[in-house]
Structure formats: structure tokens, C-alpha cells
Amino acid sequence: TMNDAMSRGISVGNAVNIARDLANAPPNFMTPTELSNAASSVAGETGVRIEIIEREEMAKLGMGALIGVSQGSTEPPKFIVLRYEGDQNNPDNSIALLGKGITFDSGGLDLKSASGMRTMKGDMAGGAAVIGAMKAISDLRPTLNVLGIVPATENMPGGGAQRPGDVVSTMDGTTLEIDNTDAEGRLVLADAVCYARSLGITKIVDVATLTGAVRAALGQQCIGAFGNDWSFTEKVIAAGSEVGERIWELPTYDEYSKQYDSDIADIKNSGGAAAGAIIGAMIIGRFAGEASWVHLDIAAMSLTNVTKGDQVKGATGSGVRTLISLCESLSL
């Protein structure tokens, strides 16, 4: 009915606005702690369950990649877990939505340029999208269990910062050589994917402002998609298409993986200049194992400099509508 359509529209619009507000907030306000507080207030309003994993617990779980990124900052990292249970008796009917939550990205010791750093308060736009989407999902009540995960930290060049040449290990024991400290989104998401897998989740979508390279590939017209299971990727693209978010798939051929071979660890976290968006994606995907996984690189789409149509200058809330639409389409 008209009323149903109206209330759905209001829920989705509110979710997009939550994501925009979080990503627009200055980085001294939107710290990892504040991002976790925002997630807590969404949970409080909705009955979504929330768990905030603190640094000490991250260490116990073996999240060395996330901890490595957080080392250079005085802000404590937060691993935010939101749980919507739409099909409690059927744990197989579950999806995990992961959002990169870098609340400010200086690049770390591989410091960004001044102009490159200027927009980096928005490097948690993927995490913001997941938090916004979880709010709408709890309103719309699909018959599906949805886990929202946001690994949140700053990436700073403090005295404790990780160095190029360091080796860290992820939650599943994979060793990673740090080739570039500014390739940090894939590190925090690697631990997030491992965590989702440890809970037995077999469908994973991550949303991240991952690479400048995706802008070189696709410009500012669409989200880049990467996956390991063609039929699942197709579902994600179709879900976006339903709600006016354009998504275009790029390849994840095995042959690219030689670019991030390491001499001393299982892999390194960067693979040079060629195919940058693909390499970043594949490093995350390496941790998905048997799960169906899609990575959405929203780096070129998360911010707009002009007010036009349904977009207001600033953060766009990219990815929110696609995640909601996907969860509805998977609802049993």
C-alpha cells in the first residue's frame, strides 16, 4: 500500500541520513569511541543487539592486523558488532555486512599529501553505511539474520605506529608484511572477515572507501564490485540496481595475486601501482574462505562536491540503499 511504501521510504531515507551525518562529522568528533557510541544509540532505538570489542579482547582474538593499524593513534580502537535476528531458528539464513571504519586516515608513516588527507574524515563511510543500513533493516524486519561489523580505528603516524616492513598476523593466523601503511582498510577488514567466518557466516559483503585506484578505473559514476561467487555478486549488483545505486564488477583473477606475494610472510598488504583496486579487494577476499563474498569499493562515490538531484554536498551515504535492498531480496 501507499502507507507501506511511505514508511519504507522514510526508513531508508533516515538510514542514508544517519550514514551521511556520521561521515560528515569532523574527525575530532567522530573518533572510534564516538562511532561506537553512535552504533550503540542505533541499537538502543531498534532492539538490535550490540557488542563492542575492546583492544584487550581484540588481542585475545588475535586481531593483529587491526591492532597494527591502531598503534599509531592515541584513540583506542573499537570493533563494533551489531546483530539483527530476523530468523533466530535458522542460523544458516545469515549475512554479515562489514564496513571499513577508519575515522581518520593520515596514511600512517606512509603519510598522505595535504590534499589527499583533507577528505579523510570520511574514511569510515563504509562503516557509517553499515550502521545506517542496520537501522533500516531493524525497521523493515526481513526474515534473515544480519550481522553488522565495523572495525573502527584511526590510522595515525604516532611513535607507536606500524612501520613498512613490519609483519602482523590476522585472526586466522595469516601473516601479512606491511608494504605500505596507507593500505590499512584491507588490514582491518581482513580481521573483520575472519571474525564473521569464525561465527560460521557464509555470506559476506564489505563496504569500504578502499582505494584511490577505483576512481581511476570507474570515475565517479559507480561503485566497484569484486567477488568470489558470481551468482552472489550478481544478487548484490541487482539489489543496487533496484534502488538506483550503480555497481560495476571488476575481475579477481588468481593471476593478480602474485603482485602481493611476500618474501617473508604469507602475503604483503599492497601490490604496487597496477590494478590497485583489484589487489586491495583480493587481499580482503583471501580471508573469506568458502563464504560467498562481495567487496564494494565506494571510495569514489562516498563524497560529492556539489548539491544535485538527491545528493547534498558532502557525504552521500553510498552503499546504504544497496545493503538494505540486498537484505530484503535475501529475506526468506
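Readers should treat all values here as calculations from the given coordinates under stated rules, not as data from a laboratory. None of the values given here were measured: they were computed from a predicted structure. Note: ideal-geometry Cβ built from the backbone for every residue, glycine included; neighbour counts use all protein chains shown.
Modelled spin-label separation between GLN311 and ALA273, with each label point placed 7 Å from Cα along the Cα-to-Cβ direction: 2.8 nm. Largest GNM mean-square fluctuation among ASP105, ASP254, ASP166, using the chain with Cα springs under 10 Å: ASP254. Computed from the C-beta positions of MET2 and ARG118, the FRET efficiency with R₀ = 45 Å rounds to 0.55.
Relative to the present Cα-Cα distance, how much length would full extension add between SER262 and ASN14 at 0.36 nm per residue of separation? Intermediate values should be presented prior to the final figure.
Values: separation 248, 0.36 × 248 = 89.28 nm, distance 4.44 nm.
Full-extension gain reported as 84.8 nm.
When the pairs LYS258/LYS313; LYS135/LYS258; LYS235/LYS258 are compared against a 32 Å limit on Cα-Cα distance, LYS258/LYS313; LYS135/LYS258 fall above it. Using Cα positions and a limit of under 16 Å, work out the aspartates and glutamates in reach of LYS78, with same-chain residues fewer than 8 apart set aside. Cross-link targets: GLU34, GLU51, GLU54, GLU56, GLU57, ASP105, ASP123, GLU154, GLU184, ASP191.
Return the calculated 222 nm mean residue ellipticity for the chain, to the nearest 500 deg cm²/dmol, obtained by summing -39500 (n - 2.57) across DSSP H runs with n ≥ 4 and dividing by the residue count.
Numbers: 11 runs with 126 residues, N = 332.
Dividing the helical sum by the residues of the chain leaves -11500 deg cm²/dmol.
Multiplying the residue separation of LYS60 and ASN90 by 0.36 nm and subtracting their alpha-carbon distance yields 7.9 nm.
Please give the FRET efficiency for ASP254 paired with ARG163, using the beta carbon to beta carbon distance and R0 = 25 Å, rounded to the nearest 0.05. List each step's numbers first, then the result.
Details: r = 30 Å, r/R0 = 1.20.
The calculated FRET efficiency here is 0.25.
According to the Kirkwood relation over distinct C-alpha pairs, the hydrodynamic radius of the chain is 19.2 Å.
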